[in-house]
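The values are calculated or read from the model by the stated rules, or taken from the named source; none is laboratory data. Bear in mind that the values here come from a model prediction, so they are computed numbers and not experimental data. When we count neighbours, we look across all protein chains shown, and the Cβ atoms used for this are built from the backbone with ideal geometry, even at glycine.
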Amino acid sequence: MSIKLYNKKYKNLNYATPEEQMKIIKQDGWAIEYISHPSIELQMAAVTQDPWAIEYISHPSKDVELAAVSADGYIIEVISHPTEKIKLAAVSQNGDAIQELNYASTAIQKAAIMNFPHAVQYITTPSDEIQILAVKQDSSSIDYITNPCRAALLEAEAVNNLSKILNNKKNGE
């Protein structure tokens, strides 16, 4: 019996055995929508199959939230009250996810920049340290900093000059 048919037939997987529920969830994580109060094991199986299935889990455990954001950092946008650990996992998986956070500690900002230096654009007032880190990771990040500090400007210039020198040597100039 296909999952789609099973879901249409019952509209509710609460009457399925735990084994049947697990088999279905492993094939289609979104089917968790049809189970009231799924176990932690079912929740974890759902987000393992498709991290966005977390949208259909009322009050997921912190471990389930962590598994989901570790697979797709953007899922942080549907997590209510994420912990520092969950935020860190989200931006480590996808630096752009920092834009979904109301508050990002320095550690979270650094993790986001290490994953995606252009994420500096989503940090309202990046510290000199964060600006320099972004530019060291990718000198073009300077373009995403509204008021870059002198040290970040100098770092970008140094990196760009070094790139020109290396390109000239490579081209035999």
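Mind listing just one residue for me: the one in segment 40-92 that is of a type outside the set (Gly, Ala, Ser) and free of Cβ contacts under 8 Å to residues at least 12 places away in the same chain and, of those, nearest to residue 114 (Cα to Cα)?
Of segment 40-92, the ones of a type outside the set (Gly, Ala, Ser) are 40-44, 47-52, 54-57, 59-60, 62-66, 69, 72, 74-79, 81-88, 91.
Remaining after also requiring free of Cβ contacts under 8 Å to residues at least 12 places away in the same chain: 59, 81.
Numbers: 59: 31, 81: 24 Å.
Restricting to residues being of a type outside the set (Gly, Ala, Ser) and free of Cβ contacts under 8 Å to residues at least 12 places away in the same chain, the top hit is 81.
Please identify the pairs in which a residue from segment 2-24 that is within 19 Å of residue 39 (Cβ to Cβ) and of a type in the set (Ser, Thr, Tyr) has its Cβ atom under 7 Å from the Cβ atom of a residue that is assigned to a helix (DSSP H, G or I) and modelled with pLDDT of 50 or more, counting only partners at least 6 apart or on another chain.
Pairs that qualify, where the first residue is within 19 Å of residue 39 (Cβ to Cβ) and of a type in the set (Ser, Thr, Tyr) and the partner is assigned to a helix (DSSP H, G or I) and modelled with pLDDT of 50 or more, are 6/24.
Specify which of the listed residues (16, 67, 71, 53) is of a type in the set (A, V, I, L, M), farther than 24 Å from residue 108 by Cβ and modelled with pLDDT of 95 or more.
On the way: 16 fails: modelled with pLDDT of 95 or more; 67 fails: farther than 24 Å from residue 108 by Cβ; 71 fails: farther than 24 Å from residue 108 by Cβ.
Result: 53 is the single residue among 16, 67, 71, 53 that is of a type in the set (A, V, I, L, M), farther than 24 Å from residue 108 by Cβ and modelled with pLDDT of 95 or more.
Scan segment 144-157 for residues that are over 23 Å from residue 102 (Cα atoms) and either among the charged types (D, E, K, R) or crowded, with 21+ Cβ neighbours inside 10 Å (or both) and jot them down. Step through it out loud before you land on a result.
Quick first cut of segment 144-157, residues over 23 Å from residue 102 (Cα atoms) only: 149-157.
Within segment 144-157, 150, 152, 155, 156, 157 qualify.
Mind checking which residues of segment 26-68 are in a loop (DSSP other than H, G, I, E, B), more than 28 Å from residue 91 (Cβ to Cβ) and touching a helix residue (DSSP H, G or I) at 6+ places or on another chain (Cβ under 6 Å)?
In the first step, residues of segment 26-68 are kept if they are in a loop (DSSP other than H, G, I, E, B); the result is 28, 35-39, 50, 57-61.
When the remaining residues are screened for being more than 28 Å from residue 91 (Cβ to Cβ), the result is 28, 35-37, 39.
Correct list: 28, 35, 36.
So, of the residues in segment 49-60 that are closer than 24 Å to residue 15 by Cβ and within 19 Å of the chain's Cα centre (by Cα), which turns out to be surrounded by the fewest Cβ atoms within 10 Å (Cβ to Cβ)? Break it down into steps so the answer makes sense when it comes.
If we filter segment 49-60 for residues that are closer than 24 Å to residue 15 by Cβ, which is where we start, we get 49-50, 53-60.
Of the ones still in play, those that are also within 19 Å of the chain's Cα centre (by Cα) are 49-50, 53-57, 60.
Numbers: 49: 17, 50: 18, 53: 24, 54: 23, 55: 14, 56: 17, 57: 22, 60: 25.
Selected residue: 55.
Would you say residue 96 is among the charged types (D, E, K, R), modelled with pLDDT of 95 or more and farther than 30 Å from residue 67 by Cα?
Numbers: among the charged types (D, E, K, R): yes; modelled with pLDDT of 95 or more: yes; farther than 30 Å from residue 67 by Cα: no.
Taking the combined requirement at face value, the residue does not satisfy it.
Cβ-Cβ under 8 Å, sequence separation 6+ or interchain: first residue in segment 142-160 and of a type in the set (A, V, I, L, M, F, W, C), partner loosely packed, with under 13 Cβ neighbours inside 10 Å. Which pairs?
Pairs found: 149/128; 151/128; 152/128.
Can you tell me which residue in segment 66-118 is nearest to residue 141 (Cα to Cα), limited to those that are among the polar types (S, T, N, Q) and under 11 Å from the mean Cα position of the chain (by Cα)? Lay out the reasoning, then the answer.
Residues of segment 66-118 that are among the polar types (S, T, N, Q), as a first pass: 70, 80, 83, 92-94, 99, 102, 105-106, 109, 115.
From what is left, the residues that are under 11 Å from the mean Cα position of the chain (by Cα) are 70, 92-94, 99, 115.
Numbers: 70: 25, 92: 18, 93: 19, 94: 16, 99: 16, 115: 13 Å.
Across segment 66-118, the extreme among qualifying residues is 115.
Can you find, within segment 114-140, the residue that is surrounded by the most Cβ atoms within 10 Å (Cβ to Cβ) among those that are small (Gly, Ala, Ser) and at pLDDT 95 or above?
We begin by selecting, within segment 114-140, every residue small (Gly, Ala, Ser); these are 119, 127, 134, 139-140.
Those left that are additionally at pLDDT 95 or above: 119, 127, 134.
Details: 119: 27, 127: 12, 134: 33.
Among those residues, the one meeting the criterion is 134.
Any chance segment 84-91 includes a residue that's at negative phi, buried (at least 17 other Cβ atoms within 10 Å of the Cβ) and touching a Ser or Thr at 6+ places or on another chain (Cβ under 6 Å)?
Yes, the conditions are met somewhere in segment 84-91.
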